[in-house]
1. Using the Kyte-Doolittle scale, which helices in chain A average at least -0.5 and also have C-alpha atoms spread 27 Å or more along the helix axis, with helices defined as whole DSSP H runs?
2. Which value, in Å² rounded to 10, gives the accessible area of A:S85 with a 1.4 Å probe and all protein chains present?
3. For chain B, what is the relative contact order in percent, using Cα pairs closer than 8 Å and at least 6 residues apart in sequence?
4. Using a probe of 1.4 angstrom, how much of the accessible area of chain A is carbon and sulfur, in percent?
5. If I take the Cα coordinates of segment A:1-106 and project them onto the principal axes, what are the three extents in Å, biggest first?
6. Is there a simple number for the mean count of other chain Cβ atoms within 10 Å of the Cβ of residues in B:25-36, and what is it?
7. Probe radius 1.4 Å, ligands and nucleic acids left out: can you give me the accessible area buried at the A-B interface, summed over both chains, in Å² to the nearest hundred?
8. From other protein chains only, count the Cβ atoms within 10 Å of every residue's Cβ in B:46-53, then give the mean.
Amino acid sequence: MLSKERFALVWVTTLVVVLGLYFAAVTLTHYTHPDLSLLARIGMLAVALGTLGMIALGAWLYGRWRDRGEIAEDERDRFIEQRSSKIAYYVLLAGIIYTGMVMPFTHGGWEIVHAALFFVAVAEIVHGALILMGYRRGWHA
Amino acid sequence: MRERRLANEIRALRFHAGEMTQEELGRRVGVTRQTIAALEAGKYSPSLECAFRIAEVFGKPLDEVFRWG
C-alpha cells in the first residue's frame, strides 16, 4: 500500500472517529450540561483538533519514513490528488456558503462554529475517500 | 455504446525482457512500482508521455504495447 493511500485511510478513519466522538460529546453536553463554560467548550474543541493534528503528523512522518529512497510522487498520484481535491473543494464551498451566508441569520455562536467544523470534516472525508477509491478502484481519464 | 478501455501488454513484455521487475520498469519510466502494477491490472490509463516512455523501454512502437479495445 502506498503511503499516500495509507495516509488517506488513517486520516479518514481518524476524522470519523475523533470528530464523531467530539460531536457526540457536544450533543450530550448540550442536554446534560447546557450551561457548560466557554473554557470547557474551547477545551473540548482543542482536545479534538489536537488529537487530529497529532495523528495526522504521526501518519505523515511514518509514510515519509517508509517511502524513503523511493519515487515520492508520480503522475498517477497527482491525477488522483487533483480529482479528489476538485470534488472536495465544491463540498467545502457549499458548506462554507451555508455556514457563512445562511446560518448567521438563523443561528449563532457555537452552532456556527460546529457547522463550519462539520463541513470542513465532510470535505476532508470526501477528499480522503476519493483518494482511497482512486488507488483501489482505479483511475481513468 | 460499449465502454472501451486502454489495454496493454506490459506484463508479457516484462516477461520477454528477462522477467524485468515492476520496480525496475517503474524506475526506468519514472513512476512508482504501484503505478506499474495498476497499469498491468487495467486500473490506470497512463499519460501519453508515460506510455511513450514505457514503449521506449521495451524498444517497441506504442501500438504494440497499448491497444484501444
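The values are calculated or read from the model by the stated rules, or taken from the named source; none is laboratory data. Being a predicted model, the structure only gives us computed values, none of them experimental. Here Cβ is always computed from backbone atoms with ideal geometry, including for glycine, and neighbour counts include all displayed protein chains. Note: areas computed on protein heavy atoms with side chains; ligands, DNA, RNA excluded. Shrake-Rupley method; radii C 1.70, N 1.55, O 1.52, S 1.80 Å.
1. Sorted by number, the helices that extend far enough and score high enough are A:38-66, A:75-97, A:110-137.
2. A:S85 has an accessible surface of roughly 50 Å² with all protein chains in place.
3. Relative contact order for chain B comes out at 46 percent.
4. 71
5. In descending order, the Cα extents are 54, 29, 17 Å.
6. Neighbouring Cβ atoms belonging to other protein chains average 4 per residue here.
7. 1300
8. Average per residue, whole number: 2.
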